[in-house]
Amino acid sequence: MSNDLNQECVVGLDAGGTRTRAVFAAAEDGRVFGEGAAGPGNALTVPVPRLTDHLVEAIAQAVPEAARARVVAVAGGFAGATAASAEEPGHVNARTALTAALRRLRIPADRVRVCSDIEAAFASAPGTPADGLALVAGTGAVALRITDRRSTATVDGDGWLLGDDGSGFWIGRSAVRAALRMADGRGTATVLAVSVGRALGVPDEALPGDSDWSRPHREAYRMHVLPAVMAELPIRLARFAPLVVEAAGEKDVVAEGILDEAADQLTHTVRALNPVHGERIVATGGLLGPEGPLTTALTARLHALGLTLDWVPDGCRGAVALARLAPDGDDR
């Protein structure tokens, strides 16, 4: 690294709901010199002092103290923020925390760009695109239209209570709903009743088996599942999504139907952005990766709309690219 200390460098940040990642790279060609990670970076849900601490920790791991004077630009993609408005609370919180973190680390960067983690993920696609569509399908789900590297239209991303249709949360909730409906007699038989029940610690005698599932056992099942689910944060329902994928792999009709409907929901989300034939759509999130359970189904649906899906793992590469593109002075 010693020979690299004499060149200008940048820092890219991908600050999401689970963790904050920092990448230290050459300003000239984007070569990565170091990486760091810390706690959550959602600019709306993490208090500014704690967000500042997480940024300091991640950046300090990525950037050696001797190299900090060479950092000329920093770009951060934050969950809960956007580049579209410097006035909105998430953007203000992110910029406040990032400015404080850089000051604490004595990093003199005077070119600072704040955007959403989704805008950074979009920029992670090959060629650092400026315009197109972005789709996130992980625990939550949202689609954006990106114009000149800024979000100009949003569809869904409304959270577990009001939206996130087709997301990991939506799939997990559908699994528990299917299990409860089988138990009370309203739904089709599904192996999800067993897998969900076991995941929630339902006693073996109350699980559906080879013999008739008696009404007392069904009642016992429901009386165990409901309190167990209600005792957790609602977003924790996303942990049941892998059970749906596993059941679909076993050709369970209910599980297959849930995944098909999830792909339909995400397609509707994209269509609401009025995509143009041949327009680029960049996707991120575990449901749409190389091994993602919705990748094949959604790709086929988008192909019918004249769209091709480009998947990126996160916004780190895009944040570095945006830092290298950052104009002189703050990108407000």
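The values are calculated or read from the model by the stated rules, or taken from the named source; none is laboratory data. Source: prediction; values computed, not measured. A quick note on method: Cβ atoms are made from the backbone with ideal geometry, for glycine too, and the neighbour counts reach across all protein chains shown. Areas reflect the complete protein model, heavy atoms only, side chains present, ligands, DNA and RNA absent. Shrake-Rupley method; radii C 1.70, N 1.55, O 1.52, S 1.80 Å.
Summary of values
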quantity	calculated
Test: Ala38 is touching a Lys or Arg at 6+ places or on another chain (Cβ under 8 Å), at pLDDT 95 or above and at negative phi	yes
Qualifying residue in region 140-159 (condition: in a helix (DSSP H, G or I) and either touching a helix residue (DSSP H, G or I) at 6+ places or on another chain (Cβ under 9 Å) or surrounded by fewer than 16 Cβ atoms within 10 Å (Cβ to Cβ) (or both))	yes
Where a residue in region 177-196 is open to solvent by 30 Å² or more (accessible area, probe 1.4 Å) and its partner, wherever it lies, is part of a helix (DSSP H, G or I) and among the β-branched types (Val, Ile, Thr), with Cβ under 7 Å and at least six apart	Thr188/Val253; Thr188/Val254
Region 255-306, subset small (Gly, Ala, Ser), part of a loop (DSSP other than H, G, I, E, B) and in contact with a strand residue (DSSP E or B) (Cβ under 9 Å, 6 or more places away or on another chain), residue farthest from Ser167 (Cα to Cα)	Gly278
Those residues of region 230-276 which are in contact (Cβ under 8 Å) with a residue 40 or more places away in the chain, more than 23 Å from Leu200 (Cα to Cα) and among the β-branched types (Val, Ile, Thr), in sequence order	Thr269, Val270
Meets criteria (surrounded by fewer than 20 Cβ atoms within 10 Å (Cβ to Cβ) and within 24 Å of Ala27 (Cβ to Cβ)) for Glu65	yes
Residue ID - surrounded by the fewest Cβ atoms within 10 Å (Cβ to Cβ), chosen from residues in region 209-246 that are over 26 Å from the mean Cα position of the chain (by Cα) and either closer than 30 Å to Thr296 by Cβ or among the acidic types (Asp, Glu) (or both)	Asp210
Qualifying positions in region 77-115 - over 18 Å from Ile59 (Cα atoms) and open to solvent by less than 20 Å² (accessible area, probe 1.4 Å)	Ala81, Ala83, Gly90, His91
Members of region 84-129 found to be touching a helix residue (DSSP H, G or I) at 6+ places or on another chain (Cβ under 8 Å), part of a loop (DSSP other than H, G, I, E, B) and farther than 17 Å from Val11 by Cα, listed by number	Ser85, Ala86, Ala125, Pro129
Cβ pairs under 7 Å, 6+ apart, first in region 208-227 and without any contact (Cβ under 8 Å) to a residue 24 or more places away in the chain, second of a type in the set (D, E, K, R)	His217/Glu205
Leu44 of a type outside the set (Asp, Glu) and either in a helix (DSSP H, G or I) or open to solvent by less than 20 Å² (accessible area, probe 1.4 Å) (or both)	no
Residue in region 307-327 that is modelled with the lowest pLDDT, counting only those that are part of a loop (DSSP other than H, G, I, E, B) and out of contact with any strand residue (DSSP E or B) (no Cβ under 6 Å at 6 or more places or on another chain)	Pro327
Close pairs (7 angstrom Cβ cut-off, 6 or more residues apart or separate chains): in contact (Cβ under 8 Å) with a residue 24 or more places away in the chain in region 6-35, of a type in the set (Ser, Thr, Tyr) anywhere	Leu13/Thr20
Exclusive hit being under 23 Å from Gly166 (Cα atoms) and either among the charged types (D, E, K, R) or not in a loop (DSSP other than H, G, I, E, B) (or both), set Ala247, Ala189, Ala220, Ala183	Ala247
